[in-house]
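Step one of this worksheet: look at the structure below.
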Amino acid sequence: MDQQALAAQVAKLRSTLDQYSYEYYVQDNPSVPDAEYDSLYQQLVTLERAHPELVTPDSPTQRVGAAPLSEFVSVAHEMPMLSLDNAFSDEDMQDFERRISDRLKSQETIEFACEPKLDGIAVSLLYEEGLLVRGATRGDGQNGEDITLNVRTIKSIPLKLRGEGYPRRLEVRGEIYMPKQGFEALNEQARSSGGKVFVNPRNAAAGSLRVLDSNITASRPLELCTYSVGVVAEGALPNTHTAVLEALSGWGFRINKHMAKARGVGECLVYYRRMAELRDDLPYDIDGIVFKVNRLDLQQQLGFVSRAPRWAIAFKFPAQEQMTELLDVEFQVGRTGAVTPVARLEPVFVGGVTVSNATLHNRDEIERLGVMVGDTVIVRRAGDVIPQVVSVVAGKRPDHAVPIHFPDTCPVCGSPVETAPGEAVARCSGGLICPAQRKESLKHFASRKAMDIEGLGDKLVEVLVDQGLIKGAEDIYLLQAEQVAALERMGQKSAENLIASIEKSKATTLAKFIFALGIREVGEATARNLVSALGTLEAIGAADEEALQQIPDIGPVVAHFIYEWFSQAEHQQLIAALRAAGLHWQEQPVTDQTALPLNGTTYVVTGSLEAMGRDDAKAHLLSLGAKVAGSVSKKTDCVVAGPGAGSKLTKAQELGIKIIDEEAFLSLLASHGIVLG
Ligand code: IVH
């Protein structure tokens, strides 16, 4: 191939890869499988290795880390990077609007741009002729540090702007943050490997970005969301803040999809409350909402006071971290025997609720934190993650502080506590002799996604075990209404209802039954896979580790747990007793997944359905061989949308994906022999 054709091929590969990367990292909407991207990327690497003269700085291959720096170079910001004033109440917001109207000497309703305030690290990214030439931290607002090598590794930061019409020099500003899921995974890994555990996603983002070795940044799940511009030269931008951000989005930047306009403070407050409700479900941490006067000419007129603009304010949400006192540590024993230290705290309002317990994870974590009873600690509660003790406030330790001793024997049954080699979790070795493990197993057994025994909740299981009425799952089916009615706070009627739902639960499915058994690492999906592959309980119980490993998603560890579980005589007895009690399910022929009618298709279920819950709808689709995804992308084949469907439906419409209502869904099921009675 001649040099020109080669250069054209390399350029084509780059632009295809850029497009895929943009869809994946900026739009969250991949159009090709990862393997396709990887294969094209490898082709580009190979070509560039053979022809180094064709490598350009904006090539996707140039996102990998570079040799570590010995120190950061200081960068003077041409335009200072300001901070924001805070509001903490509706009144503060009303004052903010009044100050603006007074200054502008106008009674006209002001239009505000509303954006979540992301909790990360502010950065400045300078583009010259569309190419990223420098990345810098905010520093003190006047001078920051050059982190160009680090920002280049972050995939949602364009190395080259897309489209056209951008100014010749353009400084884009935004927040680099670590999504919650990436943060949890990073810490989980650090906890098990003895690496650095971060206090919160913000610290993790800072610790991943302000490092001299860009290889570290490259290995961390960081993202950029842009929220303003700095220097703009030789080119013009639109005249409202929201339109500027739309322009940035067109040039390849991620902007916040919850950005909205509000007329007057009244609408701002409505937006604030709506986002406060959404906060826990967002994939990243936000600590408030930023409101900005949308018209740039008005921003100009309003100007700045000391280091903050008069035209913007951050209305904060309740803090997700608070200080409190560690009163005691108790050790809880879970279903699989895991012994978890739980901190009992002086109750504190954090992340929107009052918290009086928090996890300390395991023995290593207690050591890492160096925490003692009596210490003042920082507790974090973010979203639906269980509250955690994240650090000890140095210098506040009282004289009476007491060291924490991790028990050698189970606090509930006295059996030795053991830690398997290479594991961080210590476990009670008592098995089902241990009342705590028994209680937790029984709670799991009765739960909705397992045997679904209505009325047999956690509290009642505790009482039944404590009263000696049940020991194992088989005893549930021997309970008599009179025994239950005699319990405190239980009437004859509720006792009868319980017995009726126990009876009803006997008709189940094999997958639910396997899940209910509580085998380590066997969740609902694994249980379903076992059933599809092996068909009967006998076949599952008889499978050896090698056979088990042939099943999707089952590796050597899980195969071992399953094999071990079925090898134990007491478990065989349990199964026999449950079947004798009348538990039954329809035997299913072993299914060849590829022969199922919806094999190879992906469905999304959204909104509410009348004839069944969403879980049932999913179960039916799975039984027909479809995959069921949680979000809509180009890979989705069909969306089942009931009343109340929101953003997923809109996205499906935008992407032109097939959408069916409940009626069409029911006839689809019926056409495959699933008729709901
Ligand atoms: S605008 C002149 N918008 O909050 C206004 N800032 O306390 C400059 N931040 O340093 C900032 N999300 O790191 C703006 N949507 C958003 C933001 C945001 C987070 C951070 C930013 C800034 C700090 C100010």
Legend entry - Residue satisfying all of: in segment 542-559; farther than 16 Å from Ile514 by Cβ and in contact with a helix residue (DSSP H, G or I) (Cβ under 6 Å, 6 or more places away or on another chain); least open to solvent (accessible area, probe 1.4 Å) among these: Glu545
Inset, instruction - Count, please, the residues in segment 275-312 that happen to be more than 13 Å from the ligand (Cβ to nearest atom), out of contact with any His (no Cβ under 9 Å at 6 or more places or on another chain) and either under 30 Å from Gln181 (Cα atoms) or among the aliphatic types (A, V, I, L, M) (or both). - result: 7
Legend entry - Single condition Thr354 does not satisfy, out of (1) open to solvent by 30 Å² or more (accessible area, probe 1.4 Å); (2) assigned to a loop (DSSP other than H, G, I, E, B): (2)
Inset, instruction - Looking only at segment 57-104, count how many residues are in a helix (DSSP H, G or I) and under 30 Å from Ser21 (Cβ atoms). - result: 4
Inset, instruction - Only one of these is aromatic (Phe, Trp, Tyr), surrounded by 12 or more Cβ atoms within 10 Å (Cβ to Cβ) and farther than 30 Å from Asp544 by Cβ: Tyr563, Tyr603. Name it. - result: Tyr603
Legend entry - Meets criteria (open to solvent by 60 Å² or more (accessible area, probe 1.4 Å), more than 31 Å from the chain's Cα centre (by Cα) and more than 16 Å from the ligand (Cβ to nearest atom)) for Ser106: no
Inset, instruction - Within segment 204-221, identify whether any single residue is in a strand (DSSP E or B) and touching a residue at least 40 places away in the same chain (Cβ under 8 Å), and answer yes or no. - result: no
Inset, instruction - Exactly one condition in (1) at pLDDT below 95; (2) open to solvent by less than 30 Å² (accessible area, probe 1.4 Å); (3) part of a helix (DSSP H, G or I) is not met by Glu367; state its number. - result: (2)
Inset, instruction - Give just the number: which of (1) part of a loop (DSSP other than H, G, I, E, B); (2) touching a residue at least 24 places away in the same chain (Cβ under 8 Å) does Gln107 not satisfy? - result: (2)
Inset, instruction - Considering each residue of segment 232-263, count those that are more than 14 Å from the ligand (Cβ to nearest atom), among the aliphatic types (A, V, I, L, M) and under 14 Å from Glu171 (Cα atoms), and give that number. - result: 5
Legend entry - Scope segment 255-273; condition touching a strand residue (DSSP E or B) at 6+ places or on another chain (Cβ under 7 Å), open to solvent by 30 Å² or more (accessible area, probe 1.4 Å) and either under 22 Å from Met81 (Cα atoms) or modelled with pLDDT under 95 (or both); matching residues: Ile255, Met259
Legend entry - Candidate set from segment 45-88 (those that are open to solvent by less than 30 Å² (accessible area, probe 1.4 Å) and free of Cβ contacts under 8 Å to residues at least 24 places away in the same chain); member that is farthest from the ligand (Cβ to nearest atom): Val45
Inset, instruction - Pull up segment 274-286, narrow it to residues that are open to solvent by less than 60 Å² (accessible area, probe 1.4 Å) and under 17 Å from the mean Cα position of the chain (by Cα), then point me to the one that is modelled with the lowest pLDDT. - result: Asp280
Inset, instruction - Residue by residue through segment 20-56, note down the ones that are among the β-branched types (Val, Ile, Thr) and either in a helix (DSSP H, G or I) or out of contact with any Ser or Thr (no Cβ under 9 Å at 6 or more places or on another chain) (or both). - result: Val26, Val32, Val45, Thr46, Thr56
Legend entry - For Asn187: the one exception among (1) in a strand (DSSP E or B); (2) more than 16 Å from the ligand (Cβ to nearest atom); (3) crowded, with 16+ Cβ neighbours inside 10 Å: (1)
Legend entry - Scan of segment 522-531 for residues that are assigned to a helix (DSSP H, G or I) and open to solvent by less than 30 Å² (accessible area, probe 1.4 Å), ordered by number: Thr526, Ala527, Leu530, Val531
Inset, instruction - Within segment 155-162, identify whether any single residue is surrounded by fewer than 19 Cβ atoms within 10 Å (Cβ to Cβ), over 23 Å from the mean Cα position of the chain (by Cα) and either part of a helix (DSSP H, G or I) or of a type in the set (A, V, I, L, M) (or both), and answer yes or no. - result: no
Legend entry - Single condition Val639 does not satisfy, out of (1) open to solvent by 70 Å² or more (accessible area, probe 1.4 Å); (2) free of Cβ contacts under 8 Å to residues at least 60 places away in the same chain: (1)
Inset, instruction - Read through the list (1) open to solvent by 30 Å² or more (accessible area, probe 1.4 Å); (2) small (Gly, Ala, Ser); (3) farther than 30 Å from Glu277 by Cβ, then give the number of the only condition that Gly334 fails. - result: (1)
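The values are calculated or read from the model by the stated rules, or taken from the named source; none is laboratory data. What you see is a predicted model; the values in this text were computed from it and never measured. When we count neighbours, we look across all protein chains shown, and the Cβ atoms used for this are built from the backbone with ideal geometry, even at glycine. Keep in mind that these areas ignore ligands, DNA and RNA; they rest on the heavy atoms of the full protein, side chains included. Shrake-Rupley method; radii C 1.70, N 1.55, O 1.52, S 1.80 Å.
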